[in-house]
Amino acid sequence: MPRSVPLVVLIFLFASLPLVAGCATQVPASVFPSANLSASVSKIEDHWNFGLGCYWRAYGSVFNSGTGDVHNAVVYVQLIETSSGNIRDAKTIALGTLMKGQARSFEVALDGECDRNYRVEVRPMEEG
């Protein structure tokens, strides 16, 4: 086998690494933390169906405690394995505009295993 074939394969593997590293856990660059928003999770449940397999559904809410409206509010939701601290899945949910004193609830399905213990962490943010 020519020496160039393993070298080409090695170059391809190193070049593709940034494309797959952390795909599901990155917060989009256009999103930043909001001092006016707070978020909480009220419930997390495991579910199973033939199409999705096992998944977890998280329910929560975001509240605008600031003095003005927050435009382009989003919440970043992470499903974290309790024993290892690894992020299993993450989603960013657009909430739109939250008026001063307004709360908005959210519901999200996250990919997980049925035989694992998870916790959900949420970060309220603004997209700009």
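What follows draws every value from the coordinates through simple rules; no lab data is involved. Just so you know, these numbers come straight off a predicted model, no measurement behind them. Cβ coordinates were reconstructed from backbone atoms using ideal geometry, including for glycine residues, and neighbour counts include every protein chain displayed.
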Treat the count of other C-beta atoms within 10 Å as a stand-in for reagent exposure and order Cys54, Cys114 from fewest to most. Cys114, Cys54
Determine the shape class of the range 27-127: with a ≥ b ≥ c the square roots of the Cα gyration tensor eigenvalues, call it rounded for a/c under 1.5, and otherwise prolate if a/b is greater than b/c, oblate otherwise. prolate
Apply 1/(1 + (r/R0)^6) to the Cβ-Cβ distance of Phe63 and Ala94, taking R0 = 25 Å, and write down the FRET efficiency to the nearest 0.05. 0.90
Sorted from fewest to most neighbouring beta carbons within 10 Å, what does the list Thr97, Thr67 look like? Thr67, Thr97
How high is the relative contact order of the range 27-127, given as a whole-number percent (alpha carbon pairs under 8 Å, six or more residues apart)? 38 percent
Using the basic label-point model (7 angstrom from Cα toward the beta carbon), what is the Asn117 to Trp48 distance in nanometres? 2.0 nm
Residue exposure sequence - Leu98, Leu110 - by fewest surrounding Cβ within 10 Å: Leu110, Leu98
